[in-house]
Amino acid sequence: MKPKISVAIPVYNDAKRLERTLKSLQEQTFKDFEMIVVDDCSPDNSFEVAKRYTSMALRQKKNGGPAKARNRAILKARGDIIAFTDSDVVVTKNWLKTIVETFGKNPKVGVLMGNTKIRPAGYIGDSISELGFPGGANAGFENLWRVDKNGFTDHITSCNFAARRSVFDKYGGFDESFPLAGGEDPELSLRLFKKGIKIKYCPDILVYHDARTSLCSFWKWGVYRGRSNYYFKQRVKDVGGFIKLRRGQRRSLTSVLQRNMM
């Protein structure tokens, strides 16, 4: 009998944190789901860890990036809903339950975007979290991305979202021309939004992401995301609206930081 939800998790060289993610999935209050872990040819024992938690542990023959790994999970998924998270994330106990209930209450919604928080991690970690990395983090998704009065948005972040299987069947999955993480989720967002797919932001679909606790790691991440943005601009030629939106995000974020400092 097929499960209600398939949970897709790409992983690369992150065995220790992956185990923590999979344990948090085992503790879900909603039990009718399957876990699909796609190891992107890791040099560590990520694949071995995945096999201890799920019979649907898959290993790529060569490293191809998270977009390709997620698409393989989509092809293997049996659920009517496919939820996505990452190996550096801990999902809350009602994560899947809230996804199912929210889709049930919103039959015309094709995609749900969740809320990402970061636990206290010292001065540097907390400061980086307030900048909104990743997924809005402690700055708040709604302060970085457009969310209308009814809760609809045009953006998803791959560490915490869910979609009806029918959306992928009709419009396809992630663009595998992205070799790095960071550009494939906004590209998918824009593509689905332009097709009229309703994306609803639901703050109760909550996960906790690891903090970046050093300036060095944040700098390296910034360089990595810069490379991802390059691929995004190559793939999405008309980025004028996207850039305008990011400028609006910075203004919103400045307001948030000023409020927090008062």
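The values are calculated or read from the model by the stated rules, or taken from the named source; none is laboratory data. No experiment lies behind these values; they were computed from the predicted model shown. A quick note on method: Cβ atoms are made from the backbone with ideal geometry, for glycine too, and the neighbour counts reach across all protein chains shown.
Points to keep in mind about this one:
- Condition check for P3: over 20 Å from V207 (Cα atoms), in contact with a Gly (Cβ under 9 Å, 6 or more places away or on another chain), surrounded by fewer than 21 Cβ atoms within 10 Å (Cβ to Cβ) and touching a residue at least 24 places away in the same chain (Cβ under 8 Å): yes
- Any hit, the range 44-55, residues being within 21 Å of D210 (Cα to Cα), part of a loop (DSSP other than H, G, I, E, B) and over 18 Å from the mean Cα position of the chain (by Cα): yes
- Filtered residue count, the range 154-172, keeping only those that are over 28 Å from D210 (Cβ atoms) and either in contact with a strand residue (DSSP E or B) (Cβ under 9 Å, 6 or more places away or on another chain) or part of a helix (DSSP H, G or I) (or both): 7
- The set of residues in the range 78-88 being crowded, with 23+ Cβ neighbours inside 10 Å and either modelled with pLDDT under 95 or over 18 Å from S189 (Cβ atoms) (or both) consists of S87 alone.
- If the condition is being assigned to a strand (DSSP E or B) and closer than 12 Å to V111 by Cβ, then the range 185-210 contributes I199, K200, Y201, C202, I205.
- Pairs with Cβ under 9 Å, 6+ apart, first in the range 140-153 and of a type in the set (S, T, N, Q), second part of a loop (DSSP other than H, G, I, E, B): N143/G132; N143/G136; T153/W145; T153/R146
- L18 hydrophobic (A, V, I, L, M, F, W, C), surrounded by fewer than 22 Cβ atoms within 10 Å (Cβ to Cβ) and not in a loop (DSSP other than H, G, I, E, B): no
- On inspection, V49 does not qualify as hydrophobic (A, V, I, L, M, F, W, C), touching a strand residue (DSSP E or B) at 6+ places or on another chain (Cβ under 6 Å) and touching a residue at least 12 places away in the same chain (Cβ under 8 Å).
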